[in-house]
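Inspection log for the structure reproduced underneath, given as structure tokens.
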């Protein structure tokens, strides 16, 4: 139960100029496919790109997050989506 409390108490804050510069020091690779693996060290997230179902996915990068950080990232992603849902393009379903 203590872990859930810590997650609920996670603070979302604005990044500093220094943190923003760090975030943009490297390239951002495109990814439209990802794979999760539970490891002893944490949650491994591998990112890939696939251009059509007939073509194989191409590995792009991977990260290992300690579980507490993975939980915090999950919360941050959900908040970012919830707060900006009006900016997300709506995709038509294949049945439409």
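The figures follow:
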| item | result |
| --- | --- |
| Residues being exposed (fewer than 13 other Cβ atoms within 10 Å of the Cβ) and touching a residue at least 40 places away in the same chain (Cβ under 8 Å) - total across the range 22-71 | 0 |
| Residues that are out of contact with any strand residue (DSSP E or B) (no Cβ under 6 Å at 6 or more places or on another chain) and more than 17 Å from residue 74 (Cα to Cα), drawn from the range 33-49 | 39, 40 |
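Each reported figure results from applying straightforward, stated rules to the coordinates on display, with no laboratory input. Quantities reported herein were computed from a predicted structural model and do not represent experimental measurements. For neighbour counting, all protein chains shown are included, and Cβ atoms are generated from backbone atoms with ideal geometry for every residue, glycine included.
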